[in-house]
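The values are calculated or read from the model by the stated rules, or taken from the named source; none is laboratory data. Keep in mind it's a predicted model, so treat the numbers as computed, not measured. Note that we place each Cβ from the backbone using ideal geometry, even for glycine, and neighbour counts take in every protein chain shown.
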Amino acid sequence: MLPAPRNPETVGRLSVPSLSRMTTLTTRERQVLALLGVAYTDKDIQRTLGISFSTTHAHVLAIKRKLRVRQRTHLALIAVAHGLSPQPAPS
């Protein structure tokens, strides 16, 4: 079960997908999303999870489609908002 988002409506001016949309992600897609939340590249994700580059890219595309998002940056914000990745420390 995924934790509730910190702010269920928006992160900045971007909308955060509902929990019901988040539950459509597979376990592996949630792992990939969590790594996107800490700014991992596809190559970093590939090495960390021990999967091929094309599989990594396919997971990222599937996540974007399921969450109706176009940009990786938005995916990173979603990962943080849903508690999959730690919030960055204030600078």
**Study point:** In the stretch 63-86, residue modelled with the lowest pLDDT [restricted to those that are polar (S, T, N, Q) and not in a helix (DSSP H, G or I)]
**Key:** 85
Review point. Taking residue 69, is it within 8 Å of the chain's Cα centre (by Cα), surrounded by 14 or more Cβ atoms within 10 Å (Cβ to Cβ) and within 25 Å of residue 19 (Cα to Cα)?
Key: no
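Conditions tested, residue by residue: (1) small (Gly, Ala, Ser); (2) on the phi < 0 side of the Ramachandran plot; (3) modelled with pLDDT of 95 or more.
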residue	(1), (2), (3)
21	no, yes, no
24	no, yes, no
37	yes, yes, no
55	no, yes, yes
Exercise for review: Would you mind listing the helices (runs of 4 or more DSSP H) fully within the stretch 18-62 where at least 3 residues are surrounded by 14 or more Cβ atoms within 10 Å (Cβ to Cβ), without any contact (Cβ under 8 Å) to a residue 60 or more places away in the chain and of a type outside the set (Val, Ile, Thr)?
Suggested key: 27-36, 42-49
